[in-house]
Every structure is written in structure tokens, then in C-alpha cells.
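Heads up, the thing below is written out as C-alpha cells.
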Amino acid sequence: MLDAISAADLACIRFLSTGAAPLDPTVQRAFEERYGIPILLSYGATEFAGPVAAMTAELYPEWGKRSSVVLGVRFPGSSCAY
């Protein structure tokens, strides 16, 4: 995708979010640098019935670029213990 789509083609997108699967941090950084679009990661597993925590658009400016391990906030009603 990084070679196939121009930044102008994605100019209307404010952010993208992922499913609960891992995303290679180098791919995330390359995408964000090329397109200027934040990728909001989420964390979970099929055993949890999907994502249980996610980075939000509101948290991203402060926390999104600090570390690839910042998960964001727990979804309301999630019984995940940390």
C-alpha cells in the first residue's frame, strides 16, 4: 500500500484503527510518516471476543507516538484485568 496509493488519495481520512491483531511498528511508523494519518491500535484476542482496549483519537496526540506498547483505554464493560 505504501507504494501504491498517493497521500492525496487518503487526504480525507483522519485516522485508521486496527483489529486486535498485532501491527509491525515499522509498518505503522512508515504509514503514519507517509500519509500523516494516525493508526489507532487495539488489543484483544478471540478468547476475549475481540478488542478490549484501544488507542483513541483523543489520546493519540499525547500518547500515540510515545511507545508502540501504549494500548489506550479499556473498553467500557470489559472484564479484562491488568
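Points to keep in mind about this one:
- Nonlocal amide H pairs with residue 40, under 5 Å, H built at 1.01 Å: 16, 17, 18
- Added length on full extension, which subtracts the Cα-Cα distance from 0.36 nm per residue, residue 47 to residue 17: 8.8 nm
Bear in mind that the values in this text are calculations on the coordinates, not laboratory data. The shown structure was predicted, so the numbers you read here are calculated from the model rather than taken from an experiment.
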